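Below: one structure, written as structure tokens.
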Amino acid sequence: MVKLAEGGVYLLHGTEMIPESADAAAEIKSKTGRDVSKEEAAKNTIAYGILQEHNTSGNMDKLKIKFDKLTSHDITFVGIIQTARASGLQKFPIPYVLTNCHNSLCAVGGTINEDDHMFGLTCAKKYGGVYVPPHQAVIHQYAREMLAGGGRMILGSDSHTRYGALGTMAMGEGGPELVKQLLSQTYDINMPGVVGVYLTGEPVKGVGPQDVALAIIGAVFANGYVKNKVMEFVGPGVAALSADFRIGIDVMTTETTCLSSIWRTDEQIKEFYDIHGRAEDYKELNPGEVAYYDGMITVDLSKVRPMIAMPFHPSNTYTIDEVNANLKDVLHDVEERAKVSLDGAVPYSLQDKVVDGRFMVDQGIIAGCAGGGFENICAAADILRGSYIGSDGFTLSVYPASMPVYMELIKNGCAAAILETGAVLKTAFCGPCFGAGDTPANNAFSIRHSTRNFPNREGSKLQNGQISSVALMDARSIAATAANKGVLTPATEFDAELNRYKYHFDANIYKNRVFDSKGVADESVEIQFGPNIKDWPAMGALPDNLVLRVVSEIHDPVTTTDELIPSGETSSYRSNPLGLAEFTLSRKDPEYVGRAKDIQRAEKARMQGEHPCQAHPDVKPVMNVIKKTFADASHENTGFGSTIFAVKPGDGSAREQAASCQKVLGGWANIANEYATKRYRSNLINWGMLPFLIKEGDLPFQNLDYLFFPDIRKAVEEKADVIKAYTVSVEEEKLTEFELCLGELTDEERQIILKGCLINYNRVG
């Protein structure tokens, strides 16, 4: 089904693969009639060409990218614009689209959600942007319909910013990277590796895009095969897939931890642009005659079968048939994973879901940027047609990804077919994906065509003794399960006729409702604030030395951003930095906030010119031990704060709050064996936090220990390869040395850390 090449691969004419070897050059010459170097072939990928067109550095090894367009949703745009305003923003220099698809319900915190929406509308008017009101479209569907274009690049403050199927290289990053673009700065990265995804065959009836995506994720996540690389989809199997099918695979590439994605384009993509009235935005994209890829994933589409990603990660994949045939073993494996993911905080078992040898599901959801596409919902309607979901506990909710999609489902009868079953059809909203809607009952099991199934992401609260869980599936198999009244069922078992529905895009829906400034800013507009919209607190520059207390120690194999700052209703407080920070690590380590604020008292006192030992009793004995070896260390040149240790933090969401919440609570660093994603590490850096790396093995410290980093400012300035730090033992009155590093940092990133955060780096006056 999915095979991974062990090394690099050359692709000839888009159809023939030649593994990198001593004989590869001769074989290529025999077939092309000329010598082709690896360096030349690497420039023939689609990705290289797009990156080259958007690079401003003149050096393709060290890229400085300027994007064509930006997009954000209502969990992120307030913080981004507030940061940019504090840095001197006068006008959006490129098209910036503000969508409202995450906190659309306005059900938590009184007026705060709608206050943020009005903030967004007035900012779009004042700075020259585009504002998409709540319930009109989820962020990525609007981008597909209205923003994508062949050869373009889009940066979004949502991790699933992926429009590669439409010929657009898109990247999801934390808000500070969008701030840089708003300030006419650049996105700085080393030239990424490019991994080919070679598709052959065509899917069998009942297999959908989520099935293909989960098969790929399961093959590449754990081994890091595409981590921080670009996935480039090529091969004859691409032509067998509709535009919607490609889009459904593409959006899930985020879960592989790749940097971005791009696909070869053809007449089906041209038709997509034609349908949406944007024929001029189509561009044919293909790799060159001989292209070199740093790896190759081969997928035989005909062998993919309906898949399921069991809790608690999109990479925990099986075929549905495997789960049904091996229920005892699979469920035991999930329960063992739960012991790690949930830290034993609540009892967790799936055994009661097995009834008469069949696995019973409690809820189905088809929604958002992954599941809410036109073809997914039409296929679900065809499978459900003539069935009913029953009057027991099982429920089914369907969220079309945009109002134009919703309109077409009404016109072609698919909406009626779904509603007749007892399912509920709702508006464009991302809530079920991150726990702001359709939270299941305690101990319930939900199957969802959405993007993630991390612990408690569906909305249950571990700290309140609640647990429910999510498995990811394709809309087709969710519909088959619903038609079977909750019995886990692959769509390949249903003999429904799956029709091909013609899509007609109604542009008037957006023309009549979306505010589009056409890039014209209106300085006279007053920004509308709400009482919850707060400025960022003052943040100091990096001091000469640091004393950090370890206030959380996490040994899970991977720590998600949802665990660092929970999603769901907590995100409603996103516009209040200190208010949101109260939820930091609340589901993973409820003691974190109190411990971080405790040591932060010392730094606040120091910044106010007071002696920190008056604010915190530990300061004096810790400094006494330090001064025995480092006599020059004093409260004038030594900062105080917190750090966390996690094995591999940062998988998942691009939300900058995973870092900024730590920062406003006095965090100065993370210490990790590795960072799960570039975007999380970038968020740390942009908030002035040190992204320390420490070798795997026995840690020289434990939770609640104090660590001393002498001359840390000098080490950052002088680009030290190794940073010496010390564990402080007050009882033994000694320092124990250990080593860390910061990994590669650009000169700009170093300056941001030295200044204390991106706001300080850019602050005017």
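Among the listed pairs K64/K663; K3/K227; K229/K724; K648/K695; K227/K719, which are separated by more than 21 Å between their Cα atoms? Write down the numbers at each step before the final one.
Details: K64/K663 27 Å; K3/K227 17 Å; K229/K724 31 Å; K648/K695 12 Å; K227/K719 25 Å.
Going by Cα-Cα distance, K64/K663; K229/K724; K227/K719 fall outside the 21 Å limit.
Each Lys and Arg Cβ is given +1 and each Asp and Glu Cβ -1; about its Cα centre, the chain then shows a dipole of about 1300 debye.
Give the peptides 126-135, 336-345 in descending order of average Cβ contacts within 10 Å, highest first. Please list the in-between numbers first.
Numbers: 126-135: 22.8, 336-345: 15.9.
Highest mean packing first, the order is 126-135, 336-345.
Relative contact order, whole percent, for region 545-762 stands at 25, derived from Cα pairs under 8 Å and 6 or more residues apart. Applying a DSSP loop filter and a limit of 13 other Cβ atoms within 10 Å to the chymotrypsin sites (Phe, Trp or Tyr not before Pro) in region 316-402 leaves Y388.
Overall form of region 545-762: rounded. Here a/c, set by the Cα gyration tensor axes a ≥ b ≥ c, is under 1.5. When peptides 245-253, 537-545, 599-607 are sorted by average Cβ neighbour count within 10 Å, with the highest value leading, the order is 245-253, 599-607, 537-545.
With a Förster radius of 22 Å applied to the C-beta separation of K502 and I410, the computed FRET efficiency comes to 0.90. Could you list, bin by bin from short to long, the percent of Cα-Cα pairs of region 1-76 in 10 Å steps? Going out from 0 Å in 10 Å bins, region 1-76 shows 14, 35, 26, 18, 5, 1 percent.
Considering only V424, V299, I28, and ranking their Cα positions along the charge dipole of the chain that arises from unit charges at the beta-carbon of Lys, Arg, Asp and Glu, the one farthest toward the positive end is V424.
Its residue count N fixes a reference of 2.2 N^0.38 Å for the chain, and the Cα radius of gyration divided by that reference is 0.94. From least to most packed, judged by other beta carbons within 10 angstrom and beginning with the fewest, V728, V230 follow the order V728, V230.
I need to check one value: relative contact order of the chain, counting alpha carbon pairs closer than 8 Å and at least 6 residues apart, in percent.
On the way: 1846 pairs, mean separation 110.1, N = 765.
Dividing the mean separation by the residue count of the chain yields 14 percent.
So, by mean Cβ neighbours within 10 angstrom, what's the order for 626-635, 653-662 with the highest one leading?
On the way: 626-635: 14.5, 653-662: 30.0.
For the peptides 626-635, 653-662, the packing ranking is 653-662, 626-635.
Size of region 722-765: Rg and Dmax of its alpha carbons, in Å, are 16.0, 47. If R0 is 56 Å, the Cβ-Cβ spacing of Q466 and E737 corresponds to a FRET efficiency of close to 0.80.
Each of E53 and A240 was given a label point 7 Å from its Cα along the Cα-to-Cβ line. The distance between the two points is 3.0 nm.
Based on DSSP, what percent of beta bridges with both residues in region 65-188 are antiparallel, to the nearest 5? Intermediate values should be presented prior to the final figure.
Numbers: 2 of 15 bridges.
Beta bridges within region 65-188, antiparallel portion: roughly 15 percent.
Counting neighbouring beta carbons within 10 Å and listing from fewest to most, the residues F640, F429, F67, F515 come out as F515, F67, F429, F640.
To the nearest whole percent, what portion of all C-alpha pairs in region 65-188 is separated by more than 26 angstrom?
Working: 1107 of 7626 pairs.
When all Cα pairs of region 65-188 are counted, 15 percent exceed 26 Å.
Is the shape of region 392-532 best called rounded, prolate or oblate, per the rule: a/c under 1.5 gives rounded, else a/b larger than b/c gives prolate, else oblate, with a ≥ b ≥ c the square roots of the Cα gyration tensor eigenvalues? Here region 392-532 falls in the oblate category.
Sort largest first and round to whole Å: the equivalent ellipsoid semi-axes of region 199-263, each the square root of five times a Cα gyration tensor eigenvalue. Walk me through the numbers before you get to the answer.
Details: eigenvalues 78, 32, 20 Å².
They are 20, 13, 10 Å, listed from largest to smallest.
Applying a DSSP loop filter and a limit of 13 other Cβ atoms within 10 Å to the GluC sites (Glu not before Pro) in region 518-590 leaves E523, E526. So if the hydrodynamic radius of region 329-404 is defined as the Kirkwood radius over C-alpha pairs, what does Stokes-Einstein give as its diffusion coefficient at 20 °C and 1.002 mPa s, in µm² per second? Estimated via Stokes-Einstein, D reaches 140 µm²/s.
Out of region 1-45, which trypsin sites (Lys or Arg not before Pro) are coil in DSSP terms and have no more than 12 other C-beta atoms within 10 Å? Spell out each step's value before the answer.
Numbers: sites: K3, K29, K31, R34, K38, K43; in loops: R34, K43.
When the trypsin sites (Lys or Arg not before Pro) of region 1-45 are filtered for loop state and at most 12 Cβ neighbours within 10 Å, R34 remain.
Pairs of lysine residues in region 65-188 that meet both criteria, 8 or more places apart or on different chains and Cα atoms under 18 Å apart, total 9. Close Lys pairs in region 307-506 (alpha-carbon distance under 28 Å; sequence gap of 8 or more, or different chains): 16.
Under the classification rounded if a/c is under 1.5, otherwise prolate if a/b is larger than b/c and oblate if not, where does region 1-153 fall, given a ≥ b ≥ c as square roots of the Cα gyration tensor eigenvalues?
Values: a/c = 3.59, a/b = 2.42, b/c = 1.49.
Prolate, because a/c is 1.5 or more and a/b exceeds b/c.
May I ask you to compute the full-extension gain from K714 to D556, defined as 0.36 nm times their residue separation minus their alpha-carbon distance, rounded to one decimal in nm?
Working: separation 158, 0.36 × 158 = 56.88 nm, distance 3.28 nm.
Between K714 and D556, full extension yields an extra 53.6 nm.
Every number here is computed from the coordinates shown, using simple stated rules; none is lab data. Just so it is clear, the model here is predicted, and its values are computed rather than measured. All Cβ positions, glycine included, derive from the backbone under ideal geometry; neighbour counts span all protein chains shown.
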